[in-house]
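These notes concern the structure reproduced below.
Bear in mind that the values in this text are calculations on the coordinates, not laboratory data. This structure is a prediction, so every number in the text was calculated from the model and none was measured. Here the Cβ positions follow ideal geometry from the backbone for every residue, glycine too, while neighbour counts run over all protein chains shown.
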Number of protein chains: 2
Amino acid sequence: MATRTELPLRPSGPVVCCAPMAGGVLEAEDAGQLARAFKALGDPTRVRLLSLIATAEGGEACICNLTEPVGLSQPTVSHHMKLLVDAGLLTREQRGKWAYYTVVPAMFDQLSDALRLTR
Amino acid sequence: MATRTELPLRPSGPVVCCAPMAGGVLEAEDAGQLARAFKALGDPTRVRLLSLIATAEGGEACICNLTEPVGLSQPTVSHHMKLLVDAGLLTREQRGKWAYYTVVPAMFDQLSDALRLTR
DNA sequence: TCGATGCATCGACAGACGTCAATCAAAGGG
DNA sequence: CCCTTTGATTGACGTCTGTCGATGCATCGA
């Protein structure tokens, strides 16, 4: 395809996402991929959850560590976490009774690059 | 803690977005600022519009240049453009009959930085 | 002055979203 | 084995969002 002036899409990347944004005009599919990820970031609660996890000891946190800080019910927090995992921003690992969540740096890198207008 | 892995925001940007976030977890207000901007990016049509403008001749475009590429009605395109302007991602300038839209690089820089986990 | 053009606004509507209480499922501990 | 703990799922709710057609408001050309 002719589109590839910037915000390149790594076909071989570990994470499936994103070919933006100032290069050729983004086609519908690429725009959809990007928008899906950004939509997950478009809620203040989810931004706080990500911030909490990223700054937590060991870079991980379980639901029980997150419910109180954000001041929402446990089902709501679980709901947001699922969205973040589905968006590829977090990974989930079950250890015993607890579910530990960790950020996916590669995804953040890709999104960060997607917003860079200059090469 | 020692390594500052967080979702930071540059407080010194020329664009009004996002208060300085003192050291650790993002507070509610800061998270809200960030989320507002990302929410504007959370729609495929808006991502395409931004891409179209960023790659356009002279870095600007009017509604009439955007309606056909995205395949939506003029009112809908105007609606999206207003959201993008309100989010600080675009500026609008009326010249004669036409309204020209341009991207705001500083805002993209800020958001890009906010997604960087490593300092 | 009149008609055409470019956009914004309005009103409406279907679908998506954020939230909660209630419930369910699995893992540990006694 | 129960009973507690942790977290996911379900069902319901009010609100927000994306889209359109119709309309209003400037600006320009004739």
Task: More than 19 Å apart - percent of Cα-Cα pairs taken over the range B:39-106 - done: 19 percent
Task: Per-residue average of Cβ from other chains inside 10 Å of A:65-75 - done: 0
Open item on the list: Under the convention of a label 7 Å out along Cα→Cβ, give the distances in nm from B:THR76 to the same position in every other copy, shortest first.
Closed with: 3.2
Task: Copies compared at B:GLU29 - label distances in nm, ascending, label defined 7 Å from Cα in the Cβ direction - done: 4.5
Task: Teacher prompt: B:GLY58 distances to equivalent labels in other copies, 7 Å Cα→Cβ, nm - done: 5.8
Open item on the list: Relative contact order of the range A:24-119, please, whole-number percent, based on alpha carbon pairs below 8 angstrom and at least 6 residues apart.
Closed with: 27 percent
Task: Within the range A:52-78: backbone nitrogen closer than 16 Å to the A:THR102 label point (7 Å, Cα to C-beta) - done: A:53-63
